[in-house]
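Notes for the one structure printed next.
The values are calculated or read from the model by the stated rules, or taken from the named source; none is laboratory data. Here the structure is a predicted model, which means the values were calculated and not measured. Note: ideal-geometry Cβ built from the backbone for every residue, glycine included; neighbour counts use all protein chains shown. Remember, those area values only see protein heavy atoms, side chains included, never the ligands or the DNA or RNA. Shrake-Rupley method; radii C 1.70, N 1.55, O 1.52, S 1.80 Å.
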Amino acid sequence: MKRIIFSSLLVLSTMAQAEWTLVMKSPEFGENYYLDLQSIKDVDGVVQITTLQDFPDNKKEACQGETCAFVSSSRISVRHIECNAGRQRQIQFTDYDGQMGNGQVTQAATGGPKKRYFRWYYPAPGSFFEVLIKKVCTP
């Protein structure tokens, strides 16, 4: 419980200062993806950045096993990016019942690489995560 409260407070403090830059609109699912370019920093040799996924009003997201569906309206995540390897991972997230990271927290998590949400992975071509890596890693 302490971990969830700490994660929520950390993300809320980040959100209060965030200047969201729209990076991509997903034609397939309808969500919008944003970056807080001011949050970019080096952490132990990887790039850390805060992102926001704003889900469409008529969709919600929840995962059971490897299958996901929508249950929240937006998610603020802190991500690590390895530019040389071209991969990224989420290190924490907080979901909200309102758009743009507003409203009540519906779930929050911080975790290690054993949890599916927090593993390193290589992005699919054309995905937000590929765009994210190019945006952050290209001088």
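Numbers at a glance
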{"read-out": "I40 being modelled with pLDDT of 85 or more, open to solvent by 60 Å² or more (accessible area, probe 1.4 Å) and part of a strand (DSSP E or B)", "value": "yes"}
{"read-out": "Which numbered condition E130 fails, given (1) within 23 Å of E28 (Cα to Cα); (2) at pLDDT 90 or above; (3) surrounded by 18 or more Cβ atoms within 10 Å (Cβ to Cβ)", "value": "(3)"}
{"read-out": "Where P56 falls short, out of the listed (1) modelled with pLDDT of 75 or more; (2) open to solvent by 70 Å² or more (accessible area, probe 1.4 Å); (3) in a loop (DSSP other than H, G, I, E, B)", "value": "(2)"}
{"read-out": "Qualifying residue in segment 103-117 (condition: closer than 17 Å to L35 by Cβ and surrounded by 18 or more Cβ atoms within 10 Å (Cβ to Cβ))", "value": "no"}
{"read-out": "Residue identified as open to solvent by less than 40 Å² (accessible area, probe 1.4 Å) and either modelled with pLDDT of 95 or more or closer than 18 Å to V131 by Cβ (or both) among S73, S26", "value": "S26"}
{"read-out": "Tally, over segment 78-123, of residues that are assigned to a loop (DSSP other than H, G, I, E, B), of a type in the set (S, T, N, Q) and touching a Ser or Thr at 6+ places or on another chain (Cβ under 8 Å)", "value": "1"}
